Structures are given as structure tokens and as C-alpha cells.
1. Is there any pair with a first residue in the stretch 16-35 that is surrounded by 15 or more Cβ atoms within 10 Å (Cβ to Cβ) and a second that is part of a loop (DSSP other than H, G, I, E, B) and among the β-branched types (Val, Ile, Thr) whose Cβ atoms are under 6 Å apart and which are 6 or more apart or on different chains, and what are they?
2. If you check 127, 115, which single one turns out to be among the basic types (Lys, Arg) and assigned to a helix (DSSP H, G or I)?
3. If you go through the stretch 1-26, how many residues are more than 29 Å from the chain's Cα centre (by Cα) and part of a helix (DSSP H, G or I)?
4. Quick one: residue 85 ticks every box in (1) more than 22 Å from the chain's Cα centre (by Cα); (2) part of a helix (DSSP H, G or I) except a single one, so which number is it?
Amino acid sequence: MIVAKADRLGRRASHVLGLIDNSNVPVVFAEMPNASDLEIGIRAILAQEEARLISERTKSALAAAKSRGAKLGGPRTADQYQRAGEAATRQADDFAASVAPVLADVRKAGAASLREIADALNAKGVRTARGRRWRQTTVARLLERLTA
């Protein structure tokens, strides 16, 4: 078996060493094809320690975010998913309504194609709901939302 890196085989040293010792399939690491068992063992232990440190940093960061009042996680029930989807739809509808007058002005000025409308909105400094530049696809979606 060829593995790209030692830590891709596993993050527990006992697991990696067990696979290497007890497997009838030879394991070769692409990043160190001539590694000795000692080097593989050391790297396995380092990978295990790095996994532990990552876990500690993640837990610490989540605890700090929670203490600042951040909402962690997403909706958990079908009802919560539905309410989240409805909220997202309302946000998108509200944004489309706020851009509609500018869109009307752009069309009155002669922009007809999706490309022309996108270019005109970008020239006016209007950004998409996500703060990006307009493209043909985002204009098409805006028009669909406004006509629905």
C-alpha cells in the first residue's frame, strides 16, 4: 500500500504501528519511501501529538466564541432547517427588492443583456448580497427572484 504521508494513515501511533507490524501488505510512504521503522514510529507519535494539539486549540476557540455569545452549530431539527431556509429566502427577497430600483434605472439606460446589466451594476458600485461583483448568473438569479 502506498500512502502519501504518515499522518494520512492515521493519527494514533498505535494504529499506524499496528498496521505496519501486523499487516501482510507492505506500507510505503510517498514522502519518505526509504523510512526506517524508527522514523515511521517517531512520525506516528508526532502526528498523534499534533492531533491532540489541534483538538485542544479547536475546543479552546469554540469555548471562547461561545463565551462571546456566538451561536455555534446550525439548525438541528426539521423545523429549524425549515425556519432557517425561510429566513434565507426572506433575506434574498429583501435584497432583490432593494436592488430593483437600480436595476430599473440600468434597464432604462439601455442595458438589455445579462452582461450589460452586470457591467452597469458593477460600474455603479452596486454589490451582490455577498458583497461581490455582478456576473451574468447573479443577474439572472436576481431577475428570476424579482419575477417570481
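The values are calculated or read from the model by the stated rules, or taken from the named source; none is laboratory data. Please read these numbers as outputs of a predicted model, since none were measured by experiment. Glycine gets a Cβ as well: all are built from the backbone with ideal geometry, and neighbour counts include every protein chain shown.
1. Pairs found: 20/27.
2. When all the criteria are applied, what remains is 115.
3. 10
4. In the conditions (1) more than 22 Å from the chain's Cα centre (by Cα); (2) part of a helix (DSSP H, G or I), residue 85 misses (1) alone.
Yes or no, residue by residue, for (1) modelled with pLDDT of 95 or more; (2) outside any helix (DSSP H, G or I); (3) closer than 30 Å to residue 5 by Cβ:
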residue	(1), (2), (3)
39	no, no, yes
45	no, no, yes
61	yes, no, yes
66	no, no, no
81	no, no, no
94	yes, no, no
99	yes, no, no
138	yes, no, no
142	yes, no, no
